[in-house]
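Notes for the one structure printed next.
The values are calculated or read from the model by the stated rules, or taken from the named source; none is laboratory data. What you are looking at is a predicted structure, and each value in this text was computed from that prediction instead of being measured. We place every Cβ from the backbone using ideal geometry, glycine too, and count neighbours over all the protein chains shown. Accessible surface areas use protein heavy atoms only, side chains included; no ligands, DNA or RNA. Shrake-Rupley method; radii C 1.70, N 1.55, O 1.52, S 1.80 Å.
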Amino acid sequence: MSNLLNAQELKQQASLVTLLRHLGYEPIPHRGKENMYNSMLREGDRVPSFCVNDDLGVWFDHGTGKGGNIIDFGLAYWKDLGFKEVVHKIQQVLSIKPVEPHSAALTGSRPRSAVQIPNYVVEQIKPIGTHPAITGYLKSRGVWDVGKKCLSEVYYYVEDSKGIRKHFFAAGWQNEMSGWEVRNKYFKGCLGSKAITFISGHEKKAVVFEGFINYLSWKLEHPLADHSVIVLNSLSRLNAGIGKAKAFSTLDIYFDRDNPGLLASREFIKSLPYATDRSGTYSGFNDYNDKITDALNLVVVEQRQATDCYSKSQVQIHR
């Protein structure tokens, strides 16, 4: 039996808070449901902006707008390691060992599991535009108009071992396994099974993205494009994305320009040499959405300046 757990087993057995403790990071005392840390992914973070929800087994770094599960954290933290190396590293740090099936049967013991096992219940799926907080979040990312065509609002709760329910809502994007990628201003995660999302289009051309926000950013600038679309929803699904992409003869990939994204781009092109890295489209930014939000913020600043100038001119006229 291999000593290396697969990704699903690791996510079920490993606690992100425990991993951070082993790495020397403790949460900053505060009031709220999540654990807050000074970000260990960025230098000089003095205001706690790295959020961990151990009920859901996910993290979100407000400084970069990135997040995910424990493996996604490992890829971001150990930037020079590949996917399998990160799985092994986490397993090593937490001293998690696979349980032999026959030994578990003999002793009556069960494989070790996480202290808190997420129990998601989706209560309602509503049309996008119902909740103003979700609408505001999508508008702040510049993808409201294009996003309302393919997103939903997901209302769900998580029940802990004591039967206490915590209710949440977010913009939802569905994957191939009927799981929901959920996003709001404070949270980024997945309900259900992690999987890629595929949108059928042109038979020979496809575009590939890490996440759906970046896909929507691309779609905003290419409204008439007819490409098939592959969204990984996590770099942990890179191999699944490569497998799906093999059916296309023209491939444009738009991964993040950080180390994990660049490594994933190289791995993708190594497997499919005719694929083209298009991340130069947002050169100077980490990802496609950073480019979109930067332009959006510039427009807001210009509008404010124009309003201020108008107000001052009116004051001078009335004088």
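Looking only at region 157-180, which residues are touching a Leu at 6+ places or on another chain (Cβ under 7 Å), under 22 Å from Asp61 (Cα atoms) and open to solvent by less than 30 Å² (accessible area, probe 1.4 Å)?
Across region 157-180, the qualifying residues are Val158, Ala171, Gly172, Trp173.
Show the residue pairs that are 6+ apart or on different chains and have beta-carbon atoms under 7 Å apart, the first residue being within region 55-82 and touching a residue at least 60 places away in the same chain (Cβ under 8 Å), the second being assigned to a helix (DSSP H, G or I) and of a type in the set (D, E, K, R).
Here the result reads Gly57/Lys11; Asn69/Lys11; Ile70/Lys11; Ile71/Lys11, each pair linking region 55-82 to a residue that is assigned to a helix (DSSP H, G or I) and of a type in the set (D, E, K, R).
Is it true that some residue in region 254-262 is touching a residue at least 40 places away in the same chain (Cβ under 8 Å), open to solvent by 10 Å² or more (accessible area, probe 1.4 Å) and in a helix (DSSP H, G or I)?
Of the residues in region 254-262, the ones touching a residue at least 40 places away in the same chain (Cβ under 8 Å) are 254-256, 258-261.
Right, trim to open to solvent by 10 Å² or more (accessible area, probe 1.4 Å) and you get 254, 258-260.
Imposing the further condition that a residue be in a helix (DSSP H, G or I) reduces the set to 259-260.
Yes, region 254-262 contains a residue that is touching a residue at least 40 places away in the same chain (Cβ under 8 Å), open to solvent by 10 Å² or more (accessible area, probe 1.4 Å) and in a helix (DSSP H, G or I).
What residue, among those in region 18-38 that are of a type in the set (Ser, Thr, Tyr) and not in a loop (DSSP other than H, G, I, E, B), is farthest from Leu94 (Cα to Cα)? Working first, answer last.
We begin by selecting, within region 18-38, every residue of a type in the set (Ser, Thr, Tyr); these are 18, 25, 37.
Retained after the next criterion (residues that are not in a loop (DSSP other than H, G, I, E, B)): 18, 37.
Working: Thr18: 8, Tyr37: 19 Å.
Checking each candidate, the answer is Tyr37.
Can you confirm whether region 212-227 contains a residue that is of a type in the set (Val, Ile, Thr) and farther than 19 Å from Leu138 by Cα?
No: zero hits.
Per-residue answers, yes or no, for (1) assigned to a strand (DSSP E or B); (2) at pLDDT 95 or above:
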site: Glu153; (1), (2): yes, yes
site: Val158; (1), (2): yes, no
site: Gly163; (1), (2): no, no
site: His167; (1), (2): yes, no
site: Ala170; (1), (2): yes, no
site: Trp173; (1), (2): yes, yes
site: Glu176; (1), (2): no, no
site: Tyr186; (1), (2): no, no
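Between Asp55, Asp72, which is open to solvent by less than 70 Å² (accessible area, probe 1.4 Å), modelled with pLDDT of 85 or more, of a type in the set (D, E, K, R) and touching a Lys or Arg at 6+ places or on another chain (Cβ under 9 Å)?
Asp72
Of everything in region 188-231, what is modelled with pLDDT under 95, assigned to a loop (DSSP other than H, G, I, E, B) and either among the hydrophobic types (A, V, I, L, M, F, W, C) or touching a His at 6+ places or on another chain (Cβ under 6 Å) (or both)? Give them in sequence order.
Passing the criteria: only Ala195.
Sort out which residues of region 232-253 are part of a loop (DSSP other than H, G, I, E, B) and closer than 24 Å to Gly189 by Cβ, and write them in order of number.
Leu232, Asn233, Ser234
Condition check: surrounded by fewer than 16 Cβ atoms within 10 Å (Cβ to Cβ) and modelled with pLDDT under 95. Does Ser236 satisfy that?
no
Please enumerate the residues belonging to region 245-289 that are in contact with a Phe, Trp or Tyr (Cβ under 7 Å, 6 or more places away or on another chain) and under 20 Å from Lys84 (Cβ atoms).
Gly261, Ala264, Ser265, listed by residue number.
In region 197-219, which residues are buried (at least 24 other Cβ atoms within 10 Å of the Cβ) and of a type in the set (A, V, I, L, M)?
Ala206, Val207, Val208, Ile213, Leu216
Picking from Arg141, Arg183, which residue would you name as being open to solvent by less than 20 Å² (accessible area, probe 1.4 Å), touching a residue at least 24 places away in the same chain (Cβ under 8 Å), out of contact with any Asp or Glu (no Cβ under 8 Å at 6 or more places or on another chain) and not aliphatic (A, V, I, L, M)?
Arg183
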